[in-house]
Each structure stands twice: as structure tokens, then as C-alpha cells.
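*Asks:* Dropping a structure here in C-alpha cells format, bear with me for questions.
Values quoted throughout were computed directly from the atomic coordinates according to the rules given, and no laboratory measurement underlies them. Since this is a predicted model, take the numbers as computed values, not measurements. So basically every Cβ, Gly included, is an ideal-geometry build from the backbone, and we count neighbours across all protein chains shown.
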Amino acid sequence: MNGLTIVVLSIAVLGGGYLFYGRWLAKKWGIDPAARTPAYAHEDGEDYIPTPKSVVFAHQFSTIAGAGPVTGPIIAAMFGWLPALLWILVGGVFFGAVQDFGSLYASVKSEGKSIGLIIEQYIGKTGKRLFLIFCWVFSLLVIAAFGDMVASTFNAAAAGSLSLTSPVTVGETTAPGAAAGSISLFYILGAVLFGLFMKYAKPKPAVMFFAGLAAFVAIMAAGMALPVYLNKMQWLLVVFAYIFFAAVVPMWILMQPRDYLSSFLLIFMIAGGVLGIFMTRPNMNLPAFTSFNVNGKMLFPMLFVTIACGAVSGFHSLVSSGTSSKQVRNEKDMVGIGYGAMMVESLLAVVALVVAGAAAKGGKLPDGTPFQIFSAGVAGFFEKFGMPVYAAKCSMTMCVSALCLTTLDSVARIGRMSMQELLYGEDGKAHSPAAKFLTNKYVSTVVTLLFGFLLSLGGYNNIWSLFGSANQLLAALVLIALAVFLKTTGRSGWMLYVPMTFMLGVTMTALVMAVWNIFIKLGHGQFVFLTDGLQLIVASLLMALAVMVAYHCLRKLAEKPAPAKLGKAV
């Protein structure tokens with residue numbers, strides 16, 4: 001099948017999902033443009049900041065568009081491109097975007113509270129504690145996996161070292177990775193300066209757009225001209241120092257402007273992929289369907305765990321309710337931010353699938369990681385547009401690493417907030433000396449990043465499958481919690497019942513299979529404690545937490561309808 005046909009049909013489906021289903025949900029649940037949002041009610045200049053819709057959208061999209069929408073679809077193509085495409089479209093419209101918008105909606109309607117605190121309000125304290133423990137453990141997996149990916153990408157210690165593109169070597173160094181690392185450093189400096197510009201100049205949207213575009217071009221040019229050559233461990237330390245800084249400073253100083261500038265990079269990448277497909281009209285050189293069992297991996301549940309961010313991702317709910325909800329200045333912006341950002345990410349997943357299918361030969365994908373395959377394909381499109389080879393490779397290396405970096409800085413903040421919320425008392429404050437110490441934003445950030453750093457030393461390959469299962473399990477729990485919120489506040493939540501049941505079944509099946517495989521390795525004498533032992537402990541903990549959270553939520557959902565709770569929560 002022609003890749004252009006797939007992209008055109010996907011744009012129609014995703015656009016229709018936003019225009020019809022997204023807006024229908026908003027109408028069904030109720031949007032009040034005159035309501036005072038948490039950004040105004042609790043404005044503090046740090047997390048609660050009334051922000052233009054375009055900036056909040058950029059933050060939401062840049063944060064949720066992690067490694068998943070590129071990695072997942074390409075790996076899942078082992079079952080054929082058709083099952084992957086169908087799950088991206090169906091999952092994106094009816095699962096992922098509903099969860100993202102629902103989480104944003106519930107948080108804005110609940111004074112900007114995170115999903116964990118919403119669970120406490122509508123389900124109980126035990127459910128909240130269990131959910132926050134789950135979120136904190138999950139944040140460690142994200143930090144470890146994406147931190148290792150970024151450090152590996154920027155690693156330029158020697159030719160042949162891990163890089164996300166085909167290496168262009170200069171002496172014994174790998175240039176695209178070094179240039180991408182340099183661009184990232186300039187991005188941090190540029191983001192701080194741009195944040196000061198946004199804060200004090202208060203530019204109009206058009207002025208901010210062109211200023212951001214100019215900053216984007218300057219940062220890219222400077223990074224390519226002045227590459228930084230560090231090894232993987234050095235970059236790992238730099239990355240963790242950056243995400244510590246990003247997690248503790250006010251949103252407007254770094255995260256908001258960085259996400260806004262990064263949105264230029266990510267949209268540039270998506271537009272390049274879409275335009276390249278329109279110009280070249282590549283054929284899908286992969287079979288539409290291969291088998292229900294590929295190399296011992298069953299289509300159910302592996303397809304639905306492998307393709308996460310492009311279809312549905314529990315991490316998105318933490319972003320929607322943890323950071324984005326505190327910036328929304330008008331409720332009417334929520335559909336575009338919550339539902340719309342997910343539709344764009346699903347389009348990125350489709351583009352990644354088509355690029356990989358076009359690069360395949362003889363029904364098989366080329367050698368290399370999913371990032372390498374995607375980067376090489378889109379860089380090839382850029383070269384056809386007249387961009388120099390080196391610039392194309394540097395740009396794509398930075399694009400794919402930006403997917404991870406914009407997730408890392410937010411998840412570090414979310415992990416810190418989950419730890420703080422877990423230790424706070426009923427009044428939202430710490431009381432004992434130990435709690436006061438551990439909930440200090442610097443201490444809680446250091447503790448979170450320390451555990452994430454230790455996990456990252458094992459490499460992302462050892463935790464990626466566990467991250468995928470935990471991510472989808474989180475989505476199931478959030479969907480159940482949102483169903484309780486909607487029912488308790490007198491709103492209709494039946495549209496969540498199928499997604500939450502399906503995702504709970506998928507993820508519990510995947511985790512049980514993962515634990516079983518570890519026991520098989522133990523029986524064959526192939527058990528490695530550092531990797532298999534850690535995965536067994538974390539997988540068992542996640543399953544236990546998930547069962548307990550689901551029990552508390554479902555018990556509440558099964559209760560007789562209560563009168564609608566109006567007021568602050570509505």
C-alpha cells in the first residue's frame with residue numbers, strides 16, 4: 001500500500017476525532033468559559049501561572065511526545081503495519097486523547113489537583129497513597145530509560161559509539177551526537193533568555209512566534225557550529241544536572257519557554273516527515289499482517305503494550321494533571337490542549353510507521369534501532385529538500401533526543417511532586433521533622449533523581465519493556481479513576497468503561513507474562529540478579545499496587561450514584 005494514502009487517511013481520522021469526538025466530550029462533560037481556572041485562583045508564579053493556549057499546548061505536546069511514538073510503532077511493525085496502524089488510530093481517538101483530556105478536565109475542575117489528590121477526594125486516602133507510590137516508582141523508570149537514551153545519543157567519545165543516526169565522523173568522534181548535545185545546551189540557555197522575554201516583555205502571540213522561530217534557528221546554527229564532545233557518563237551527569245534544575249525552578253524560567261521552543265523542533269520534524277511522504281509517495285515495503293505470534297511474542301497483549309504514547313499512555317495523565325492544568329487560563333482551551341496534542345502525537349506515530357515501512361526491504365526493516373531507522377528516513381527527506389547531509393543528520397539527532405529531554409524535565413518535576421504529596425498530611429502540609437525534610441523540593445528532587453540515576457546505569461534496554469507495561473497499567477488506573485470522578489460529580493462516564501477494562505486486561509496479562517518469563521530464566525539458570533531480579537521486584541510491586549488501586553476505584557464506581565458535588569469540583 002502507498003504510504004501517502006495511509007497518512008492522508010490518518011489525518012482525516014485524527015482530525016475528525018478532534019472535531020467531533022473531542023468536542024462532543026467537552027459538551028457532554030461541560031465547559032464554562034467564564035469559570036476562574038486554578039491558574040488564576042492559585043497563581044504563585046511557580047507552578048500556577050495563567051498562560052496563553054499556544055504555550056500550554058507546546059508544553060503538553062513537547063512533554064508527552066517522548067520516545068514512544070517513534071519507538072513503539074516501528075517495533076510493533078513485526079506484526080505487520082495494519083495492526084499497528086489500527087491501534088494508533090483507534091487507541092488515539094477513543095483511548096489516549098480521552099484520557100489526556102479527561103485528566104486535564106478533572107484537574108482543572110478540581111482546583112488543579114493531580115490525579116493522586118483527585119483519587120483521595122473521590123475514592124479515599126488509601127487509594128491516593130497507593131496511586132502516588134505507583135506514580136513515583138513509574139517516574140523512576142521514565143527518568144532511567146530516557147536519561148540513558150539521551151546520554152547514549154549525545155555520546156561522542158569514539159566512532160562506532162551508540163548514536164541515533166548513521167555516524168558522520170570527525171577524527172575519532174561522532175559529529176551528529178556531539179552537535180545535538182551542543183544544541184541542547186544552547187537550548188537551555190536560549191530557553192532561560194526567552195522565558196525572561198516572555199515574562200517581562202509580554203509579547204503578543206505573533207511577536208512571540210517569530211521571536212521563537214528566530215531563536216530556534218540561531219540555537220540550531222550555533223550548536224552545529226560548536227559541537228561538544230563528551231562521553232556517555234559525562235553526558236549522563238549533565239542531563240541529570242539539567243533535569244534537577246528544571247524540576248526546582250519556576251515553570252516560566254525554563255520549562256515553559258523550552259517547551260515552546262522545542263515545539264518548533266518537533267513540528268519541523270513532523271512536517272518534514274509528512275512533506276517527504278507527500279513528495280516521494282513511498283510504498284509500504286512491509287507486509288500488512290505477519291502473524292499473531294512473532295518470535296514468541298503474542299499480538300495480544302504485546303501490540304498494545306509496545307505502542308504506548310502514539311495510542312494511549314498513562315504518563316500523559318501525569319502531565320495533564322500535574323503541570324498543564326495549572327497553566328490553563330480558560331476552560332475552553334482544554335480540548336485543544338488535552339485532546340488536540342494527543343492527535344498530533346498519534347500523527348507522529350503514523351509518520352514513524354510509514355517511514356519505517358518505506359525503508360524496509362524484502363519485507364524486513366533495515367538494521368538499527370527504531371530511532372536510527374526513523375532518523376535516517378526523515379533525514380533523507382530533508383536532503384531531498386536541499387538541506388546539507390550534515391545539517392540533516394544533526395537536526396534529526398536533535399529532534400529525536402528532544403523527544404526524550406522534554407519528557408525528562410517534566411517527569412522529574414512530577415516525580416518530586418508525587419513524593420511530596422505522598423508525605424503531606426491531610427491539610428497538604430508536612431508536619432514531622434522527617435516529612436518536612438523529605439518534602440523540601442530540593443531534597444525530594446535529589447532523592448527521586450538519585451534512584452532514577454542508579455536505574456539508568458543498567459541501560460534502557462533492561463527496563464524498556466517494564467516501562468511500557470507500567471505506562472499502560474497507569475493508563476488503565478487513571479481511566480478507572482476518571483470514571484469515578486465523572487460519576488461522583490454527576491457526569492456521564494460510560495465512554496471510559498471499555499478503554500479502562502481493555503487496558504487493565506492488556507497490562508495485567510503483559511506483566512504476568514513478563515514475570516513468568518523471568519521465572520523460566522531462573523529455572524534454566526539464566527537469571528541475572530541485577531537486571532532480572534530488579535525487574536521481578538518492580539513488576540511484582542506494580543501488579544500489587546495496581547490490583548489494590550483498581551479494587552478501591554472499582555468498589556467506589558460500583559456504589560449507588562450519589563448527588564452531584566457542585567462547587568469547587570465542578
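*Asks:* Using modelled amide H (1.01 Å from N, peptide plane; none on Pro or chain starts), what sits under 5 Å from the amide H of residue 283, excluding residues fewer than 5 places away?
*Replies:* It is 3, by chain and number.
*Asks:* Next question. With +1 on the Cβ of every Lys and Arg and -1 on the Cβ of every Asp and Glu, and nothing else charged, how large is the dipole of the chain about its Cα centre, in debye rounded to the nearest 20? Provide the component values of the computation, followed by the final result.
*Replies:* Values: 37 positive and 22 negative charges, 215 e Å.
Roughly 1040 debye, rounded to the nearest 20.
*Asks:* In whole Hz, what ³J(HN,Hα) sequence does the stretch 129-145 give by Karplus (6.51, -1.76, 1.60; θ = phi - 60°), x for Gly and Pro?
*Replies:* Per-residue couplings from phi come out as 4, 4, 5, 5, 4, 4, 4, 5, 4, 4, 4, 5, 5, 5, 4, 5, 5 Hz.
*Asks:* For a protection proxy built on the mean count of beta-carbon atoms within 10 angstrom, sort 99-109, 443-453, 281-291 highest first, please.
*Replies:* Ranked by mean Cβ neighbours within 10 Å, highest first: 99-109, 443-453, 281-291.
*Asks:* Could I have the simple spin-label model distance between residue 551 and residue 429, label points 7 Å from Cα toward Cβ, reported in nm to one decimal?
*Replies:* 3.5 nm
*Asks:* Could you tell me which label, among [x] -0.27, -0.37; [y] -0.34, -0.46; [z] -0.45, -0.57, carries the value of log10 I(q)/I(0) by the Debye sum over Cα atoms at q = 0.06, 0.07 Å⁻¹ calculated for this structure?
*Replies:* For log10 I(q)/I(0) by the Debye sum over Cα atoms at q = 0.06, 0.07 Å⁻¹, the calculated option is [x].
*Asks:* Something else now. Convert each backbone phi in the stretch 386-391 into a coupling constant with the Karplus relation 6.51 cos²θ - 1.76 cosθ + 1.60 (shift: θ = phi - 60°), then list the ³J(HN,Hα) values in order as whole Hz, x for Gly and Pro.
*Replies:* Each residue of the stretch 386-391 in turn: x, 6, x, 4, 4, 5 Hz.
*Asks:* Please name whichever of 473, 420, 451 sits farthest to the positive end of the charge dipole of the stretch 411-547, dipole taken about the Cα centre and charges placed at Cβ: Lys and Arg +1, Asp and Glu -1.
*Replies:* In the stretch 411-547, that residue is 420.
*Asks:* Residues of the stretch 374-389 with amide nitrogen under 14 Å from the 7 Å Cα-to-Cβ point of residue 279?
*Replies:* So the set is 377-389.
*Asks:* Below 8 Å, C-alpha to C-alpha, sequence gap of six or more: please give me the relative contact order for the chain in percent.
*Replies:* Result for the chain is 29 percent.
*Asks:* Work out the FRET efficiency for residue 540 and residue 300 from their Cβ-Cβ distance, taking R0 = 22 Å, and round it to the nearest 0.05.
*Replies:* 0.50
*Asks:* Please provide three numbers in whole Å: the alpha-carbon extents of the stretch 381-538 along the principal axes, with the largest listed first.
*Replies:* 58, 44, 43
*Asks:* Taking other Cβ within 10 Å of each residue's Cβ, how do 186, 315, 519, 371 sort, fewest first?
*Replies:* Details: 186 20, 315 29, 519 12, 371 26.
Fewest-to-most ranking of 186, 315, 519, 371: 519, 186, 371, 315.
*Asks:* Further question: Between residue 526 and residue 19, what is the spin-label point distance in nm, taking each point 7 Å from the Cα along the Cα→C-beta axis?
*Replies:* Those two pseudo-labels are separated by 5.1 nm.
*Asks:* Determine ³J(HN,Hα), in whole Hz, for all residues of the stretch 179-196 in sequence, where each value follows from phi through the Karplus function 6.51 cos²θ - 1.76 cosθ + 1.60 and θ = phi - 60°; x replaces Gly and Pro.
*Replies:* Per residue, the Karplus-derived 3J(HN,Hα) values read 5, 5, x, 5, 4, 5, 5, 5, 4, 5, 4, x, 5, 4, 5, 5, x, 5 Hz.
*Asks:* Moving to a separate point now. Could you tell me the calculated FRET efficiency between residue 516 and residue 559, based on Cβ-Cβ distance and R0 = 30 angstrom, to the nearest 0.05?
*Replies:* 0.30
*Asks:* Okay, moving on. Put +1 on the Cβ of each Lys and Arg and -1 on the Cβ of each Asp and Glu in the chain; which of 431, 488, 106 then has its Cα farthest toward the positive end of the dipole?
*Replies:* Result: 488, furthest along the dipole toward the positive end.
*Asks:* Moving on to the next point. Starting from the Cα of residue 202, draw a straight line to each of the aspartates and glutamates and keep only those under 19 Å, dropping any in the same chain fewer than 8 residues away.
*Replies:* 43, 44, 46, 47, 259
*Asks:* Select from 29, 96, 239 the residue farthest towards the positive end of the dipole of the chain; place +1 on Cβ of Lys and Arg, -1 on Cβ of Asp and Glu, and compute about the Cα centre.
*Replies:* So the residue furthest toward the plus end is 29.
*Asks:* Would you list which aspartates and glutamates come within 14 Å of residue 125, measuring only between C-alpha atoms, while excluding same-chain residues fewer than 8 positions from it?
*Replies:* Qualifying aspartates and glutamates at Cα under 14 Å: 421, 426, 427.
*Asks:* Moving to a separate point now. Among rounded, prolate and oblate, which fits the stretch 36-90 when a ≥ b ≥ c are the square roots of the eigenvalues of its C-alpha gyration tensor, a/c under 1.5 means rounded, and a/b larger than b/c means prolate?
*Replies:* Prolate, because a/c is 1.5 or more and a/b exceeds b/c.
*Asks:* Further question: For the cross-link pairs 297/560; 128/232; 199/384; 113/560, which exceed 30 Å when the distance is taken from alpha carbon to alpha carbon?
*Replies:* The answer is 297/560; 128/232; 199/384.
*Asks:* Based on the alpha-carbon gyration tensor of the stretch 325-410 and its eigenvalue square roots a ≥ b ≥ c, which shape applies: rounded if a/c is under 1.5, prolate if not and a/b is larger than b/c, or oblate? Present the calculation step by step, with values, prior to reporting the outcome.
*Replies:* Values: a/c = 2.43, a/b = 1.91, b/c = 1.27.
Here the stretch 325-410 falls in the prolate category.
*Asks:* Under 16 Å Cα-Cα from residue 28, which lysines qualify once same-chain neighbours fewer than 8 residues away are excluded?
*Replies:* In chain and number order, the partners are 109, 332, 487.
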